[in-house]
1. Just checking, does segment B:100-108 include any residue being under 23 Å from A:Gly9 (Cα atoms) and open to solvent by less than 30 Å² (accessible area, probe 1.4 Å)?
2. Would you confirm whether any residue within segment B:69-83 is farther than 24 Å from B:Leu18 by Cβ and in contact with a helix residue (DSSP H, G or I) (Cβ under 7 Å, 6 or more places away or on another chain)?
3. In segment B:82-91, what residues are part of a loop (DSSP other than H, G, I, E, B) and exposed (fewer than 15 other Cβ atoms within 10 Å of the Cβ)?
4. What number goes with the only condition from (1) more than 14 Å from chain A (Cβ to nearest Cβ); (2) not in a strand (DSSP E or B) that B:Gly60 does not pass?
5. Look through B:Leu129, B:Leu94 and report the one residue that is closer than 23 Å to A:Cys5 by Cβ, more than 16 Å from the ligand (Cβ to nearest atom) and surrounded by 16 or more Cβ atoms within 10 Å (Cβ to Cβ).
6. Residues of segment B:156-177 being over 14 Å from the mean Cα position of the chain (by Cα), open to solvent by 70 Å² or more (accessible area, probe 1.4 Å) and under 27 Å from B:Arg20 (Cβ atoms), which ones?
7. Go through B:Ala148, B:Ala139, B:Ala187, B:Ala153 for me and flag whichever is surrounded by fewer than 16 Cβ atoms within 10 Å (Cβ to Cβ), aliphatic (A, V, I, L, M) and over 30 Å from B:Glu15 (Cβ atoms).
8. What number of residues within segment B:133-173 satisfy the criterion of being closer than 20 Å to A:Phe16 by Cβ and of a type in the set (Gly, Ala, Ser)?
Amino acid sequence: MLIPCPHCGTRPVEEFTFLGDASVKRPASNDPSSMEQWYDYVYLRNNPKGRFDEFVHHSGGCRAWLVISRDTETHEVFGCVTVRDYGKTKGGKA
Amino acid sequence: MPKAPVRSKPVAVAEVILPRVSPLADVAVQGRFGADRGAPGVTFSVRHPLSIATVIARAGKGKATAQALAEYEPRWAGPDQYFVVAQGRGEGALYRELKSALDGIASVSDQSHGRVIIRIEGPKVRNVLAKGTPVDLHADEFPAGKSALTQMAHVGVHMTRVGEDAFELSVFRGFSESFWEWITEQAEEFGYQVR
Ligand SMILES: [Zn+2]
């Protein structure tokens, strides 16, 4: 699988470290009543078939945190952006 | 009752200057090695002693940092990050100079003891490097002055093209001996010179 790093250009998957699902949202509350959301946020992950946004660290290159969008079935890569840019498109904080 | 002013005692800091020692001093033995048909395919040399510093721009100061570094021929080393190298400078001199030139806009750290730069040049240089890196080394894609961060033989390498057939590879000194063994082995089929 080739990943188009926005800083380094196209590089092989071996240069990257995968962290997992980029769509999880940190719960806003620290209140004990929100324990269930925290459990979900920390431990529970879906394993979707198809398009999936995933955090990757370009550990063997520019060492930047990126989000890659790929198809988990075909390994087709739709795009790769910095976490900062991903946050902007998702309306989150950069 | 007014508090007595707190007086901080001046702390005496002795400046300890450690001379740079090449980790490849006993490893990079000069001579002609590998295939011995005709001229060597590549020539290796260790750029030592060299002053090396990393520069990382503070948030929003990428442009200002690039401008301030223009005269130093900085080598790209990640988003808003650079390596600066200089020859013939005293211990810590480049670091101190950059630190004052970039005061408030970037962080500087001295890597002169931490990294080693191996120069590799010659007609077969691309053939040797292509055995280790997926980076496209054609001059149209990777012209002189361009840098890339990559891995060769599982070692993180900062690579800069310094001429048509010349590259400089920067590795952490702890990896330099095994990296040297690996890269010279890749050059054996072309024959190589160590200078
Ligand atoms: Zn990268």
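The values are calculated or read from the model by the stated rules, or taken from the named source; none is laboratory data. These figures come from a predicted structure and were not determined experimentally. Virtual Cβ from ideal backbone geometry, glycine too; neighbours counted across all protein chains shown. Please note that ligands, DNA and RNA were not included when accessible areas were found on the heavy atoms of the full protein model with its side chains. Shrake-Rupley method; radii C 1.70, N 1.55, O 1.52, S 1.80 Å.
1. If we filter segment B:100-108 for residues that are under 23 Å from A:Gly9 (Cα atoms), which is where we start, we get none.
Within segment B:100-108, not a single residue is under 23 Å from A:Gly9 (Cα atoms) and open to solvent by less than 30 Å² (accessible area, probe 1.4 Å).
2. Yes, segment B:69-83 contains at least one residue that is farther than 24 Å from B:Leu18 by Cβ and in contact with a helix residue (DSSP H, G or I) (Cβ under 7 Å, 6 or more places away or on another chain).
3. Here is the first cut: in segment B:82-91, the ones part of a loop (DSSP other than H, G, I, E, B) are B:88-91.
Across segment B:82-91, the qualifying residues are B:Gly88, B:Gly90.
4. The one condition B:Gly60 does not meet is (1).
5. B:Leu129
6. Once the filter is applied, which keeps residues that are over 14 Å from the mean Cα position of the chain (by Cα), open to solvent by 70 Å² or more (accessible area, probe 1.4 Å) and under 27 Å from B:Arg20 (Cβ atoms), segment B:156-177 yields only B:Glu177.
7. On the way: B:Ala148 fails: surrounded by fewer than 16 Cβ atoms within 10 Å (Cβ to Cβ); B:Ala187 fails: surrounded by fewer than 16 Cβ atoms within 10 Å (Cβ to Cβ); B:Ala153 fails: surrounded by fewer than 16 Cβ atoms within 10 Å (Cβ to Cβ).
Checking each option against the conditions leaves just B:Ala139.
8. Of the residues in that region, 4 qualify.
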